[in-house]
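A quick write-up on the structure given underneath.
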Amino acid sequence: NPYAGLVSHLRATWLSGKTRPMEYRVAQLEALGRFLDEKKQDILEATALDMGKPSFEAYFTEILLCKNELNDTLNNLCHWMKDEHVDKNLVTQLDSAFIRKDPYGVVLIIAPWNYPIHLFLVPLIGAIAAGNCVIIKPSETTKNTERLVAETLTCYLDNDCFAVVTAGVEETTRLLENKFDYIFFTGTPSVGRIIMTAAAKHLTPVTLELGGKNPCYVSDTCDVQNVARRVAWGRFFNAGQTCIAPDYVLCTVEMQEKLMPALREAITEFFGSNPQESPDFGRIVGDKQFRRIRALLRSGRVAIGGQTDEKERYIAPTVLADVLPSDPAMQEEIFGPILPIVVIANMDEAIDFINARPRPLAIYAFSCDSKVVNQVLERTSSGGFCGNDTLMHVTLTSLPFGGIGNSGLGKYHGKFTFDTFTHHRGCLHRNMGLEALNALRYPPYSQQKQGLLTTTFEIKRKGMCTLL
């Protein structure tokens, strides 16, 4: 196997204990900070070349949010790493019971192309903070960013502990044949199944950050202009190539009529009368992806946009009206600048529509009535939820980010990333003396011993508490 030597080298380093001291972890994390600072312009240029990513969007997602994750981790690492002491029973009162935060070992991070820096760097921050050695596999689809990462990241990190592998599908398949102690993958559910199958051969735990069709329910009681701006921003950010973008709108026919002019106004406000000329609207990443998304325009009727330019891989910000559940745009995650509107009769029908489909990565609900938003939250299931806005929940390092069911497995961001890459090791350190206390559990057994054993080990139920 072409990668066996690399994995063995990293495992030998990890076994040496090099990555365990806090000082070492902090030094490597600070080096990542220098990478972001010193290569900021290169990152903006590479993402612009790869997918026409506006510099504002690239700075926000690839630089600023990554710096936030980094600084949050550096601010709290000392606390996160400490042993966590836990409650004890009567027998172990004089002993030490704690959770030790151990690194897994050698971990693999496989990143996608849509946020090619952010989606490898944020997991990497947590993996380093937890004391692991890491192999990073950036996406081969965004060639310029892949080259930048491969050529420069290794200049900042310790090459005995961290490596970048550039690989296509064939090479990644060979890479996955090796035994890793943890695999973190971001991508599609179909590839997620392949990753999970490969991991199962070694009983390797995984985090799968996948996608899905994120519903956006808009009630009849809302500020239509505000909804239009927030939905348009979330849908057309990064030209729609965002795993948590609102994938389709559910609303009544009356709301569709109100929403359409408001969406048209918001799109013009954001990108001008000709979005193709706007410096603030990106492009589709590749020809294959462009052709797939363009084919989805045959759904419903094009109410706004619909223009395409294959040479530029440009698809205009598009809104499709009167889309049927059987239309092509409703059969797969769109992952492009197309927003279908599906008409429903009321909130109950919207909730039934959502629950009849695989659980999404995010659900959005808009209403001036907080009870409506809470109803959607209470009666549905998804990786994350955001009421009266889109995407913004992902900006908080205090919230876990991840899917459920078809949209993924596991969570990260902030301390959740550290915990993901940490083995929580239950530990009990007992006193060598005081043997008389242990006599209760030793044979020969008796009714008296059983009674005393119950008294010392039993956890009694407390009074009922009421959730307010």
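A few notes on this one:
- Relative intensity, log₁₀ I(q)/I(0), of segment 215-406 from a Debye sum that treats every alpha carbon as a point, q = 0.08 Å⁻¹: -0.23
- Note on segment 158-220: Rg/Rh from C-alpha atoms, Kirkwood Rh, equals 1.15.
- Tail weight of P(r) past 19 Å, computed on alpha-carbon pairs of segment 271-339, percent: 29 percent
- Debye equation applied to the C-alpha atoms of segment 191-278, log10 I(q)/I(0) at 0.11, 0.12, 0.22, 0.25 Å⁻¹: -0.46, -0.52, -1.06, -1.24
- Solution diffusion estimate, µm²/s, Stokes-Einstein, segment 325-468, Kirkwood Rh from C-alpha pairs, 20 °C, viscosity 1.002 mPa s: 103 µm²/s
- Net charge dipole, the chain: roughly 1460 debye, given to the nearest 20, about the Cα centre with Cβ charges of +1 for Lys and Arg and -1 for Asp and Glu.
- For the chain, the Kirkwood estimate of the hydrodynamic radius, built from every pair of different alpha carbons, is 24.5 Å.
- Counting only whole DSSP H helices of the chain, the ones at least 18 Å long by C-alpha along their axis and with mean Kyte-Doolittle hydropathy no lower than -0.5 are 22-38, 65-81, 253-271.
- Of the GluC sites (Glu not before Pro) in segment 257-348, the ones in a loop by DSSP (not H, G, I, E or B) with at most 16 other beta carbons within 10 Å are GLU310, GLU312, GLU332.
- Listed residue (THR145, ILE195, ASN159) projecting farthest to the positive dipole end of segment 116-200, Cβ model: ILE195
- Taking every protein chain into account, the accessible area of the chain amounts to 46 square angstrom per residue (probe 1.4 Å).
- Kirkwood hydrodynamic radius (C-alpha pairs) into Stokes-Einstein, segment 1-151, 37 °C and 0.692 mPa s, D in µm²/s: 191 µm²/s
- For PRO340, net neighbour charge (Lys/Arg +1, Asp/Glu -1) across residues whose Cβ lies under 14 Å away: 0
- Rounded percent of accessible protein surface that carbon and sulfur make up, the chain, 1.4 Å probe: 55 percent
- Kirkwood hydrodynamic radius of segment 315-355, from inverse mean 1/r over distinct Cα pairs, in Å: 11.3 Å
- Within segment 86-180, the ratio Rg/Rh, alpha carbon atoms throughout and Rh by Kirkwood, equals 1.19.
- Summed over all non-identical Cα pairs, the Kirkwood treatment of segment 40-107 gives a radius of 15.9 Å.
- Convex hull volume per residue, computed on the Cα atoms of segment 262-304, equals 80 Å³.
- A straight Cα-to-Cα reach below 21 Å connects LYS40 with the lysines LYS53, LYS67, LYS137, LYS143, residues fewer than 8 places away in its own chain not being considered.
The values are calculated or read from the model by the stated rules, or taken from the named source; none is laboratory data. If you're wondering where the values come from, they're calculated on a predicted model, not measured in any experiment. Positions of Cβ are backbone-derived with ideal geometry, glycine not excepted, and every protein chain shown enters the neighbour counts. Heavy atoms of the whole protein, side chains included, go into the accessibility calculation; ligands, DNA and RNA do not. Shrake-Rupley method; radii C 1.70, N 1.55, O 1.52, S 1.80 Å.
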